[in-house]
1. Which residues, taken from segment 107-131, are part of a helix (DSSP H, G or I), without any contact (Cβ under 8 Å) to a residue 12 or more places away in the chain and either closer than 24 Å to SER55 by Cβ or not hydroxyl-bearing (Ser, Thr, Tyr) (or both)?
2. Scan segment 77-105 and report the pairs whose first residue is in contact (Cβ under 8 Å) with a residue 40 or more places away in the chain and whose second residue is of a type outside the set (D, E, K, R) and assigned to a helix (DSSP H, G or I), with Cβ atoms within less than 6 Å and a gap of 6+ or a chain change.
3. In the set ALA91, ALA69, which member is at pLDDT 95 or above and surrounded by 14 or more Cβ atoms within 10 Å (Cβ to Cβ)?
4. Condition first: surrounded by fewer than 13 Cβ atoms within 10 Å (Cβ to Cβ) and either under 20 Å from MET16 (Cα atoms) or of a type outside the set (Val, Ile, Thr) (or both). Now tell me which residues in segment 94-115 satisfy that.
5. Could you tell me which of the residues THR104, THR58, THR40 is at pLDDT below 95 and farther than 28 Å from VAL15 by Cβ?
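The values are calculated or read from the model by the stated rules, or taken from the named source; none is laboratory data. Since this is a predicted model, take the numbers as computed values, not measurements. Using ideal geometry, Cβ is built from the backbone for each residue, glycine included, and neighbour counts are taken over all protein chains shown.
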Amino acid sequence: MKTMNIKKVLSVLLVMLAMVVTMAAPAFADEPASSEPATTQSAQAETEAEAADSSTFTTAAKAFASAIAVGLAAAGGAVAMGVLGAKSSEAIARQPEAEGKIRTSMMLTLVFIETAIIYALLVVILIIFVL
């Protein structure tokens, strides 16, 4: 029994760590601007090339972070919904007279799970278009 609790705690911590790393990726994607002014045309062209390269890297980091965030949210929601469906079916099989209450509770929980997934999607949209 204790091993099961340790596994649950470790899996929750691992998911939280993955989410933190995913959400922090755009923050580290952009390099600070250079404080030296460009004096020659070649230096200016070099600076523009570096800016374009940095922009491409930032876009790629945003896409990578967004894909991981939505993937984790969708996978977590799918697992939660599957477990909820299995447990509610099991509960209804054990107590058929409580079917209405079980089904109502199940639907409410499904709405909360789906809401969490939609919030993750909104965060990803903000990452892509605002940051």
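1. MET107, LEU108, VAL111, PHE112, ILE118, LEU122, ILE125, LEU126, PHE129
2. Listed by first residue and then by second, the contacts come to GLY77/ILE113; GLY77/ILE117.
3. So the residue among ALA91, ALA69 that is at pLDDT 95 or above and surrounded by 14 or more Cβ atoms within 10 Å (Cβ to Cβ) is ALA91.
4. ARG94, GLN95, PRO96, GLU97, ALA98, GLY100, LYS101, MET107, LEU108, PHE112, THR115 - these are the residues of segment 94-115 that are surrounded by fewer than 13 Cβ atoms within 10 Å (Cβ to Cβ) and either under 20 Å from MET16 (Cα atoms) or of a type outside the set (Val, Ile, Thr) (or both).
5. Numbers: THR104 fails: at pLDDT below 95; THR58 fails: farther than 28 Å from VAL15 by Cβ.
Matching residue, one of THR104, THR58, THR40: THR40.
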